[in-house]
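Visitor: Once you've had a glance at the structure underneath, I'll fire off some questions.
Rule-based calculations on the coordinates, nothing more; no lab input. These numbers were taken from a predicted model, which means no experiment stands behind them. Cβ placement follows ideal geometry from the backbone for every residue including glycine, while neighbour counts extend to all protein chains displayed.
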Amino acid sequence: MKTTINISILTIAIGGLIWLLTACSAAPAETPIVTVSIEPQKYMLEQITGDKVDIRTLIANGANPENYDPSLTHIMNLRKSIGFLRMGNIGFEAALLDKIRQEDPELPIFNTSEGVVPVTGTHSHSHGHGGVHHEEIDPHTWTSVKNAKIIVRNMLDAMVKIDPSNEDYYRRNYDRFAQRLDSLDRDFESRLASHAGEHFMVWHPSLSYFARDYGLEQITA
C-alpha cells in the first residue's frame, strides 16, 4: 500500500511538471510595439492593425507638442518598437529624430504624411535679429479626411514592411477603413457644398486642410 501511494505521488508530480513545462512553452509571444507621435495616429493605426501590435503614443492628449520634451520612458519604448510612424512636420519630431537614430540606428522610421500637399502660412513667425520671416508647413494634416486616406495608406505600407506576416489582415482592415473615410468625405462634400467660400472661426489654426478640402476659409480668433 505504501509503495502504491509513493508511485501515485510520483505520477502526479511528473504530470504536474509536464503541464507546467507545456504551459510555459505555449505562452503567447509578447505583442510587438509600434510607436506613433500623437493620439489621432494611434486611432487610425488601430483600424489597420487591430490587436496585432501594441501601439504606443509619444505625446498624450492634452500635451502641447510645441514645447514637448520626450521622457526617458518614451525613448525606451521607442527602443523596444519594431517601427516608429511619425506624423511628419511636427516640431518635436524633428528634434527627436537625431536622438532616435543615435539610440537605435536600425529602427524603421516612416513619415505618415508623405504625399500630403502641404499648407503653409498658418504658423508663420519671425525670428533672429533681422526678423527673418519663416513660413512653416501646417502640421495638422490629420484634420482632413482626404489627408487621412493618404496617412492610413502610408501606415498600411509601413506595417507591411515591418510585419509582412500579417499583410493580408492589414490590407483587409485598410480596405474597410478606407471605405468609411470615403463615405465620410462624400457626406462632408454634400453638406458643405452650398457653403463654399464662407468663413469659420477657430481659436487655433488647426483646420487649414479641412477648410481647403471643402472651399472654406479658416479665421483664427
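Visitor: Which whole-Hz couplings ³J(HN,Hα) result when phi for each residue of the stretch 32-37 is put into the Karplus expression 6.51 cos²θ - 1.76 cosθ + 1.60, θ = phi - 60°, listed in order with x for Gly and Pro?
Guide: My calculation for the stretch 32-37 gives x, 9, 10, 9, 10, 8 Hz in order.
Visitor: While we're on this one: Taking other Cβ within 10 Å of each residue's Cβ, how do Val202, Val117, Val36, Val53 sort, fewest first?
Guide: Val117, Val202, Val53, Val36
Visitor: On to the next question. Loop-only check: which GluC sites (Glu not before Pro) in the stretch 131-221 are DSSP coil with at most 13 other Cβ within 10 angstrom?
Guide: The qualifying sites are Glu135, Glu198.
Visitor: What nm value, rounded to one decimal, do you get for the distance between Asp168 and Asp51 when each label is placed 7 Å out toward the C-beta?
Guide: About 2.0 nm separates the two model spin labels.
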